[in-house]
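Structure record follows, encoded as structure tokens.
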Amino acid sequence: MKSVEMAKVLSIGFLNDSICDLKILCPKIAKEAKAGQFVEVYPDNGENLLSRPISICEIDKEVGSIRLVFQVVGKGTKLFSRLKVNDEIRVLGPCGNGYNLKGGKSVLVGGGIGVPPLIETCKQLEGEKIVVLGFRSGSFLVDEFEKLGAKVYVATDDGSVGFKGNVVELLKSENIVGDNIYSCGPKVMLKFLSMYAQEKNIDCQVSMEERMACGIGACVGCVVQIKDGDGWVYKKVCKDGPVFDSKEVCW
Amino acid sequence: MNTKVNICGVELKNPVMTASGTFGSGREYSEFVDLNRLGAVVVKGVADKPWNGNPAPRIAEVYGGMLNSVGLQNPGVDYFIENDIPFLRQFDTKIIVNVCGHSIEEYTNVVKKLQGQDVDLLELNISCPNVSEGGMSFGTDTKMVEKVVQEVKKCADKPLIVKLSPNVTDITEIAKAAVSGGADGLSLINTLTGMKIDIYKRQPVLQRKIGGMSGPAVKPVAVRMVYQVCKAVDVPVIGMGGISNAEDAIEFIMAGATGVSIGTANFINPRATVETVEGIEEYMRKYGVKDLSEIRGIIE
């Protein structure tokens, strides 16, 4: 069940120049939330009417809070980044399906702002965990994955941290395999990851994104092509996704 | 206090309904609002066969509103009859089916399949700007409007509302053509065509380049058109276009609308429909309005 809540800011900070780290109190949403789901955050400034979909980075069911780590890209996210402790913000959620968490050896693959939802996913997964993160330059959240007991590999486009190249090149060079892949990142990364997973015969869940309006499946704005028999259908990222089986997606 | 309104012989408990394409068939919003509180649910466009709609991106935000180029993606009338009518019938609200097609034949196919089905009213969509055939291309020419309405009316066993496009020089001419074709009521406005360009990527935001604009920013245009149409024809009008709350809705009623639809506001506030119902009741109590007919069309 989804709710709309006026969420109180518990803490706010920055992981680097453009990545904001926000913890908000929203007990109803936190109670229902699962790893890989997202929330819709409303700017409520009169100009930017549509809510911003932001993935859930961490869930604290005891406190009733969620943590959002997002990139400041436009007017909406800039506004959220200027919130102060005790400010309130309107949030709808939890939205989408989330990851289907399985056992065995897990490989978590994140690219850029696709990294944050893997924190909660990593927390909840049991067994051996390998985390492969890709960034353009620099990195964030790496130490948090390490604290969760995962073996972490980092790739950067400019070679400033770890392996110089992209995550799929890194997976290949280290020959990283497992029983399941959980991933989130840019579409092009997910596409090549999907090919890698197929080659190695690993089940791979990909979390997609697309421009959306309502976030709950009504407007039918945020569609992706999903295989259907010999053809395809448009499915909604916000309701049918954001997590899809990589083999279902028409890349 | 009487909030009831009569639309083409069908009595609604209040004038508040949903604008087609913004509320699905009510399922998603039933988590946030009690559908029993709504005058009617106007469902997302239904075609004779499943439609894929347009490629993404389909959504762009603009100042005070949004653009969409969804293109009437829908699972088709058979799916609608099997799944959505039984769902909506669990609630005490009226069902208005928005009918879309690429051709007169496709429109009439849908309406024929809806014969004898447990729905209350039909809304003929000849105003969607996001399809290359049918939609708005039918709704911007008076002769075509009259012809489509005549043909659809022949197969309709429910009152027929015709949804008009604002993308015309004189909306009253289109309204008169629809009524002369046999429309029992009119609804307006559909979206205004619009465009947004991403100056950093140097390309349109929407994959289809042009889409339909909706949201609070279009409201004055919609109020003006509803006012003009209500003066020009003598059938019930359902007003919509940027309605976000009771104040907005009452403006449309004073302009002459019998019903009012909440569209884009649902995306901004999932409870916008019910809050509008409550707000209208509060206005009536506060200002001693016993029946909405006392304020309907009071603007000379």
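The table below lists the values:
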quantity: Test result for A:Leu79, touching a Pro at 6+ places or on another chain (Cβ under 9 Å), within 14 Å of another protein chain (Cβ to nearest Cβ) and either of a type in the set (D, E, K, R) or in a helix (DSSP H, G or I) (or both); calculated: yes
quantity: Filtered residue count, segment A:155-177, keeping only those that are open to solvent by less than 20 Å² (accessible area, probe 1.4 Å) and within 14 Å of A:Leu108 (Cα to Cα); calculated: 6
quantity: In segment A:125-134, the residues that are outside any loop (DSSP other than H, G, I, E, B), without any contact (Cβ under 8 Å) to a residue 40 or more places away in the chain and surrounded by fewer than 24 Cβ atoms within 10 Å (Cβ to Cβ); calculated: A:Lys129
quantity: Number of the condition not met by B:Lys201 [criteria: (1) part of a loop (DSSP other than H, G, I, E, B); (2) more than 18 Å from B:Glu123 (Cβ to Cβ); (3) within 15 Å of the chain's Cα centre (by Cα)]; calculated: (3)
quantity: Positions within segment A:90-114 being within 14 Å of chain B (Cβ to nearest Cβ) and either out of contact with any Lys or Arg (no Cβ under 9 Å at 6 or more places or on another chain) or in a strand (DSSP E or B) (or both), in sequence order; calculated: A:Arg90, A:Val91, A:Leu92, A:Gly93, A:Pro94, A:Cys95
quantity: Residue match in segment A:190-203 (condition: over 30 Å from A:Gly103 (Cβ atoms), free of Cβ contacts under 8 Å to residues at least 40 places away in the same chain and not aromatic (Phe, Trp, Tyr)); calculated: no
quantity: Hits in segment A:19-47 - residues which are within 12 Å of another protein chain (Cβ to nearest Cβ), touching a helix residue (DSSP H, G or I) at 6+ places or on another chain (Cβ under 8 Å) and buried (at least 19 other Cβ atoms within 10 Å of the Cβ); calculated: A:Tyr42, A:Pro43
quantity: Restricting segment B:60-96 to residues that are part of a helix (DSSP H, G or I) and touching a strand residue (DSSP E or B) at 6+ places or on another chain (Cβ under 6 Å), the residue that is farthest from B:Tyr107 (Cα to Cα); calculated: B:Leu88
quantity: Residue list for segment B:31-58, restricted to those being in contact (Cβ under 8 Å) with a residue 60 or more places away in the chain, more than 21 Å from B:Pro129 (Cβ to Cβ) and hydrophobic (A, V, I, L, M, F, W, C); calculated: B:Phe32, B:Val33, B:Leu38, B:Ala40
quantity: All positions within segment B:26-44 that are facing chain A (nearest Cβ under 10 Å) and within 19 Å of the chain's Cα centre (by Cα); calculated: B:Gly26, B:Arg27, B:Glu28, B:Tyr29, B:Lys44
quantity: Residue list for segment B:49-63, restricted to those being within 26 Å of A:Lys187 (Cα to Cα), facing another protein chain (nearest Cβ under 7 Å) and either surrounded by fewer than 24 Cβ atoms within 10 Å (Cβ to Cβ) or within 16 Å of the chain's Cα centre (by Cα) (or both); calculated: B:Asn52, B:Gly53, B:Ala56, B:Pro57, B:Glu61
quantity: Output for segment A:1-18, where each listed residue is assigned to a strand (DSSP E or B) and either out of contact with any helix residue (DSSP H, G or I) (no Cβ under 9 Å at 6 or more places or on another chain) or open to solvent by 10 Å² or more (accessible area, probe 1.4 Å) (or both); calculated: A:Ser3, A:Val4, A:Glu5, A:Met6, A:Lys8, A:Val9, A:Leu10, A:Ser11, A:Ile12, A:Gly13, A:Phe14
quantity: Segment B:26-48, residues that are in a loop (DSSP other than H, G, I, E, B) and surrounded by fewer than 24 Cβ atoms within 10 Å (Cβ to Cβ); calculated: B:Arg27, B:Phe32, B:Val33, B:Asp34, B:Asp48
quantity: Segment B:64-84 residues that are within 10 Å of chain A (Cβ to nearest Cβ) and modelled with pLDDT under 95, paired with ones that are assigned to a helix (DSSP H, G or I) and buried (at least 24 other Cβ atoms within 10 Å of the Cβ) (beta carbon under 7 Å, 6 or more apart); calculated: none
quantity: Pairs with Cβ under 6 Å, 6+ apart, first in segment A:67-82 and at pLDDT 95 or above, second part of a helix (DSSP H, G or I); calculated: A:Phe70/A:Thr77; A:Gln71/A:Ile113; A:Val72/A:Lys78; A:Val72/A:Ser81
quantity: Number of the exception - B:Ala222 against (1) surrounded by 22 or more Cβ atoms within 10 Å (Cβ to Cβ); (2) over 26 Å from A:Leu49 (Cα atoms); calculated: (2)
quantity: Which numbered condition B:Thr276 fails, given (1) among the polar types (S, T, N, Q); (2) within 14 Å of chain A (Cβ to nearest Cβ); (3) open to solvent by less than 20 Å² (accessible area, probe 1.4 Å); calculated: (2)
quantity: Lone qualifier among B:Gln117, B:Gln207 - being more than 14 Å from chain A (Cβ to nearest Cβ), farther than 17 Å from B:Gly65 by Cβ and not in a strand (DSSP E or B); calculated: B:Gln117
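The values are calculated or read from the model by the stated rules, or taken from the named source; none is laboratory data. These numbers were taken from a predicted model, which means no experiment stands behind them. All Cβ positions, glycine included, derive from the backbone under ideal geometry; neighbour counts span all protein chains shown. These area figures cover heavy atoms from the full protein model, side chains too; ligands, DNA and RNA do not enter into them. Shrake-Rupley method; radii C 1.70, N 1.55, O 1.52, S 1.80 Å.
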